[in-house]
1. So, of the residues in the range 142-172 that are in contact (Cβ under 8 Å) with a residue 40 or more places away in the chain and hydroxyl-bearing (Ser, Thr, Tyr), which turns out to be surrounded by the most Cβ atoms within 10 Å (Cβ to Cβ)?
2. If we scan the range 39-52, do we find a residue that is closer than 25 Å to residue 74 by Cβ and acidic (Asp, Glu)?
3. Of everything in the range 206-238, what is within 17 Å of residue 89 (Cβ to Cβ), within 10 Å of the ligand (Cβ to nearest atom) and in contact with an Asp or Glu (Cβ under 8 Å, 6 or more places away or on another chain)? Give them in sequence order.
4. Can you name every residue in the range 260-282 that is part of a strand (DSSP E or B) and more than 16 Å from the ligand (Cβ to nearest atom)?
5. So, residue 149, is that one within 16 Å of the ligand (Cβ to nearest atom), over 30 Å from residue 114 (Cβ atoms) and part of a helix (DSSP H, G or I) or not?
6. I'd like to verify a number: residues in the range 125-135 that are crowded, with 24+ Cβ neighbours inside 10 Å and either assigned to a loop (DSSP other than H, G, I, E, B) or under 18 Å from the mean Cα position of the chain (by Cα) (or both), how many?
7. For residue 10, only one of the following conditions fails: (1) exposed (fewer than 12 other Cβ atoms within 10 Å of the Cβ); (2) assigned to a loop (DSSP other than H, G, I, E, B). What is its number?
8. Could you tell me how many of the residues in the range 108-124 are in a loop (DSSP other than H, G, I, E, B) and touching a helix residue (DSSP H, G or I) at 6+ places or on another chain (Cβ under 7 Å)?
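Since every read-out is calculated from the coordinates, none of them should be taken as a lab result. All values reported here derive from a predicted model rather than from experimental measurement. Please note: Cβ atoms are built from the backbone with ideal geometry, for glycine as well, and neighbour counts cover all protein chains shown.
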Amino acid sequence: MNFPATRLRRLRSSAALRSLVRETRLEPSALIYPLFLCEGSRVRREISSMPGVFNLSIDEALKEVEACSALGLGGLLLFGVPAEKDEQGSGAWAEDGIVQRGLRAIKNTSAAKSLVVMADVCLCEYTSHGHCGVVNRQGESFVVDNDPSVALLAATAVSLAQAGADVVAPSDMMDGRVGAIRSALDEAGKTHTPILSYASKFASAFYGPFREAAASAPQFGDRRTYQMDGANLREAMREIEQDIAEGADMLLMKPAMPYLDVIREARSRFDLPMGAYQVSGEYSMLHAAFQRAWLEPERAMLESLLSIRRAGADFIVTYFAKDAAKLL
Ligand code: PBG
């Protein structure tokens, strides 16, 4: 049927009608808020490129946990900003590591009961060189050595699960890490700890501000030998297939807005629960526009999140989680 019998504007004529026929919804329970834990007490240090995002000592982080629970968020994703770094990244799996201590404190609160407390599994925040694995230097050049890195990542995942993480989320992009983490968790009796795999993670310029937040910028070279080439959608599907075969329980796609087509393709091929990470640079560029009053903050923020849900993500890791939840 054609115009004038069909008039698509009929269903747009009131807020109530628009709400009734809305295809995609945003809810606080589908939003995950990242927290950057650092040493000390009463520390709340703002990231210069990420307005409203802080390095938090554990006591301050507990206040955030309270707020996130009160807002009905789905969960938290924890990162560590350790005081000391070394060549191996040993702070990542230390029993008294910053995230391990944070987890114990957070899981001890009643606010945390309503939240899924996830821990990022990676070495880059803990290594002196800033790479996500073990570095072998070969004269002027270097390689990030896959298999020794996987062993350290597996130890990190076990340590985080033992400290109370509800979910472990490997973000390193080494081959075989999901299988190794699954075996290590099972051996440690953590058979029920799910793995949220950053299955499709591209080498992206949009992680820039995060590297300030986590002080994790590589000191030499870049991450292109382990994170994926942004041009490759089919390779992303192979990464996901591989992680599912190794035992991933959920998938995380990253970044989000510049890769919505990849999220859509993954949604149509795979049935696992899938999240997307609206990364630091996506947040910072929107804030830069808000500061200049070039974009309306609330509308632009919600539209960016809606686009990620519409592309097929079940949940979103986003620095806007609290701000968005207040509006929903
Ligand atoms: C650790 C990690 C990174 C991010 C999440 N986990 C940084 C990186 O890979 O360089 C980026 C998150 C963001 O930009 O918000 N490997």
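1. Out of the qualifying residues, it is 156.
2. Restricting attention to the range 39-52, the residues satisfying the condition of being closer than 25 Å to residue 74 by Cβ are 44, 46-47, 50-52.
Imposing the further condition that a residue be acidic (Asp, Glu) reduces the set to 46.
For the range 39-52, residues closer than 25 Å to residue 74 by Cβ and acidic (Asp, Glu): present.
3. Across the range 206-238, the qualifying residues are 214, 216, 226.
4. The initial filter retains those residues of the range 260-282 that are part of a strand (DSSP E or B), namely 274-278.
Once the filter is applied, which keeps residues that are part of a strand (DSSP E or B) and more than 16 Å from the ligand (Cβ to nearest atom), the range 260-282 yields only 274.
5. Yes, satisfied.
6. 5
7. Exception for residue 10: condition (2).
8. Taking the range 108-124 and keeping what is in a loop (DSSP other than H, G, I, E, B), we get 108-110, 115, 122-124.
Pick out the ones that are also touching a helix residue (DSSP H, G or I) at 6+ places or on another chain (Cβ under 7 Å) and you get 109, 115, 123.
Summing the residues that are in a loop (DSSP other than H, G, I, E, B) and touching a helix residue (DSSP H, G or I) at 6+ places or on another chain (Cβ under 7 Å) in the range 108-124 gives 3.
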